[in-house]
Amino acid sequence: MTAGMTEEIANFIIRTEYREIPEEAVTIAKNSIMDGLGVALAGTHEPAGIIISEYSKDMGESGNAIVIGRRSRTSPLLAALVNGTLMHALAFDDVATSWIGHPTAVILPATLALAETYKASGKELLEAYLLGCEVAAKVGQIGASKQDEFSWHNTSTIGTLGAAAACAKILKATVRETRMILGIAASEASGLRDNFGSMTKPLHAGLAAKNGVMASLLAKRGFSANESIMESPSGFASTFLGEKETSLRQFGLMLGEPFDILSPGRTIKPYPCCRDTHSCIDAALYLVKKHNIIAHDVSRVEYQAGEVAGAVLHSPPNTGLQAKLNMEYCISIAILFSEVRLAHFTNEMVLEPKVQSLMKKISRHQAEDIEPMSGKIMIKLKNGIEYSHTVQRPRGAPENPMSEEELFMKYKDCASRVISPKSVEESLKLLSNLEGLNDLTQLTKIFNCENESKA
């Protein structure tokens, strides 16, 4: 008899060992973890980050789990909630190519909170993180082609299962306990796309991380749930993915064969905005730099992008958060400043007259032949000259990855907003040898700002 989806996932989580995970997958995971921790530090300055951090302080929960960027520790649940929100606050965290979700902002905070509490090693953290990412990816692929039919936010719904899977591994749950963990997590999953452009979007990541922690801790204490929640008639696959199949194998999906982080791979963002804007940003930057284009000389801009971009991106933006999800705004910034950085996504910048003026000159040109992640830009100057450029895969995508130097520079730029240069360098050394750390104390002290002098 073919095992159901819930049993397949539980067996995979419990039986897969670190030595079975490809070395290249571990390397990518370490880069994603470094990236996630860096953007979380930078996220502490965002309004959503400030509010959620203050909320955690007011709750006054005790525990051993760090709140990133604060000299405080709290319960695993609250730490996962806060750190997940921080990690997604800037829309600068990584993206899983296969299911268009943000795995690290959900799975890392959950895994880290329990790893600290239960004294896990760096290798155990990596193992749990990778298995959580793999479960999320394979489940997420089932509904990836139908995402426009639903209003769920994948990062929150699929991410909850990924976080739960990672937590099950950290807690060394049995197969039956893991099935319970998945059952509880499935009922916690939520997150609506209509909250995109608000502080609740990053909260989705925090809630999903917290959900994974809660489900695992309850199940380890004997809390019960449907043991076949993934494939049951009114279960997760039916409700969130629109499918009633009972096995991943029926979709041609094999957990760990290959690991999703290897193929189709992981996108680490070079720009702090929605990934669906990145190909057009790349194309605009190419034209501006090649032809020395000045915004004042531009009379009209047309762009082409895939249908997903049209379904997700907000228009027009009134805030910095909404601007991260607006194609016209992102293209305007690229043309005006020849770069797209964190400082460009503020409420004040959105209202800048030169930004507003250029946005009015930009329009979308519908095209049926453009690939989902491609982007094409046409810039027409006031003297009548036209330039155009197409980008098939944005920088940061698996087919066009950022260099190691670029990854380090992004991390340093984000982390240095909160911690000292000495701490930045020390954290990089520890993260590069994450699998060799017997415990995480030295690393977490840095991100908890325990080594920083008080202002």
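Laboratory data are not the source of any read-out in this text; all were calculated from the coordinates shown. Please read all numbers here as calculations on a predicted model, not as lab measurements. Positions of Cβ are generated from backbone atoms using ideal geometry, with glycine treated the same way; all protein chains shown enter the neighbour counts.
Taking a Cβ cut-off of under 14 Å around residue 131, the surrounding Lys, Arg, Asp and Glu residues balance to a net charge of -2, with basic ones at +1 and acidic ones at -1.
Filter the trypsin sites (Lys or Arg not before Pro) in region 83-143 down to the DSSP loop ones having no more than 15 other Cβ atoms within 10 Å, then list what survives.
119
Does region 319-455 come out rounded, prolate or oblate by the C-alpha gyration tensor, with a ≥ b ≥ c the root eigenvalues, rounded set by a/c under 1.5 and, if not, prolate when a/b is larger than b/c and oblate if not? Note, shape of region 319-455 comes out prolate. Report note on the peptides 131-137, 437-443, 376-382, 360-366: ranked by the mean count of other C-beta atoms within 10 Å, highest first, their order is 131-137, 376-382, 437-443, 360-366. With a cut-off of 12 Å between beta carbons, the residues surrounding residue 102 carry a summed charge of +1, where Lys and Arg count +1 and Asp and Glu -1. Placing unit charges on each Cβ (+1 for Lys and Arg, -1 for Asp and Glu) gives region 365-406 a dipole about its Cα centre, and among 365, 384, 402 the Cα reaching farthest toward its positive end belongs to 384. With a threshold of 26 Å on the Cα-Cα distance, the over-threshold entries among 172/429; 119/269; 289/429; 30/410 are 172/429; 119/269; 289/429. In the chain, the sites counted are chymotrypsin sites (Phe, Trp or Tyr not before Pro) in DSSP loop states with at most 16 other Cβ atoms within 10 Å, and the longest stretch holding none of them, exclusive of the sites, is 224-455.
Evaluated at q = 0.05 Å⁻¹, the base-10 log of the normalised Debye intensity for the chain, with identical point scatterers placed on the Cα atoms, takes the values -0.17. Listed by chain and number, the aspartates and glutamates whose alpha-carbon sits under 20 Å from that of residue 57, ignoring those within fewer than 8 places in the same chain, are 46, 116, 450, 452.
Close amide H partners of residue 192, meaning residues 5 or more places away or on another chain with modelled amide H under 5 Å apart, are 153. Label region 395-455 by shape, choosing from rounded, prolate and oblate, from the square roots a ≥ b ≥ c of the eigenvalues of the Cα gyration tensor; if a/c is under 1.5 it is rounded, and otherwise prolate applies when a/b is larger than b/c, oblate when it is not. Oblate shape, in that a/c is at least 1.5 and b/c is the bigger or equal ratio.
Geometric descriptor of region 188-286, per residue, is 169 Å³ (volume of the convex hull of the Cα atoms).
Across the alpha-carbon atoms of region 275-391, the computed radius of gyration and Dmax are 13.0, 37 angstrom.
Given the peptides 351-357, 155-161, arrange them by the average over their residues of other C-beta atoms within 10 Å, most packed first.
Packing order, densest peptide first, comes out as 155-161, 351-357.
The loop-placed GluC sites (Glu not before Pro) in region 196-303, going by DSSP, include none that has at most 14 neighbouring Cβ atoms within 10 Å of its Cβ.
For residue 380, go through the aspartates and glutamates and keep the ones whose alpha-carbon is under 19 Å away, minus same-chain ones fewer than eight residues off. Filter leaves 282, 297, 302, 328. For region 5-267, the gyration tensor built on C-alpha atoms gives a rounded shape. Its axis ratio a/c (a ≥ b ≥ c) stays under 1.5.
Taking the mean number of other Cβ atoms within 10 Å as a proxy for protection, how do you rank 393-404, 204-215, 264-275 from highest to lowest?
Descending mean neighbour count gives 204-215, 264-275, 393-404.
Considering all alpha-carbon pairs of region 24-71, what whole percent are spaced by more than 16 angstrom? The calculated P(r) of region 24-71 puts 49 percent of pairs beyond 16 Å.
Between beta-carbons, use under 13 Å as the cut-off and find the net charge around residue 223, counting Lys and Arg +1, Asp and Glu -1. Here the count lands on +1.
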